[in-house]
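Only the coordinates and a few stated rules stand behind these numbers; no lab work does. None of these values were measured; they are calculated from a predicted model.
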Amino acid sequence: MKKRKSNRLKGYDYSKNNLYFVTNCVKNNLCCLGCVIPVGTGRDLSVHNPEIHNPEIHNREIDNREIDNPEFCNSEIYNREIDNTEFHIPVMEYIVELNAYGLIVDEKINWLMRQYEYVSIHNYVVMPNHFHLILEIDSMRLKNKFSEGDSEGTSRDLSVQQEDIKIKSLSSLMGALKTTSSNAIHNVGFEEFAWHRSFHDHIIRDEKSYHNIFNYISNNPNKWHEDRFNNKS
């Protein structure tokens, strides 16, 4: 039997305190968790120099009087150079509208933080057929909890309490998330639902990487049309 290649970094302890970027897909990239929809014009981008975007326009000035002329709507005239005239180009914003299955995944991501107090989710997004998240494992959260809850306890008592709680590895945490979400989705009628067997992770090692990944997650719905997980892209 062919041995399955591991996606984890060999020799790395995935239960140690760190930040991890995780991506997991639905089996066969099936889009079953919701859909990406536009939410309006959003922000405006101002184009101060139309000639930059249309190098073939005529080099003729149009004064402000021409803008009020109906002839200005003619496409040939409209594509001529306009000096000192600002256009506002609407940029469509997109969000993910989760269905019942997607809402289950969303809830189970938040459940992960409630279930394991050393886990913190810094940012996440549930897409039509996958999710991205930044997960932090921080054992100090347990130490702080025990210190606040038992101020009279000795340091040895606190140490024993901490040792009673085993820090799960990233794979175990993702396994818990995938199992609980799959079971819940099966229970509401989608019995064929399954996650891709493995998941992709990236160890976040510096602030620049963290911010790039955080922004990537936040902007994921706007990039869905060109996402490699989008079967229609």
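So here's what we get for this one:
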read-out: Phi-based couplings in Hz for the range 200-211 (Karplus 6.51, -1.76, 1.60; Gly and Pro marked x); value: 9, 10, 9, 7, 7, 10, 8, 5, 4, 4, 4, 5
read-out: Long-range amide H partners of residue 95 with built H, under 5 Å; value: 37, 39
read-out: Across 10/208; 10/168; 27/208; 10/108; 143/166; 143/208, pairs whose alpha-carbon gap is larger than 21 Å; value: 10/208; 27/208; 10/108; 143/208
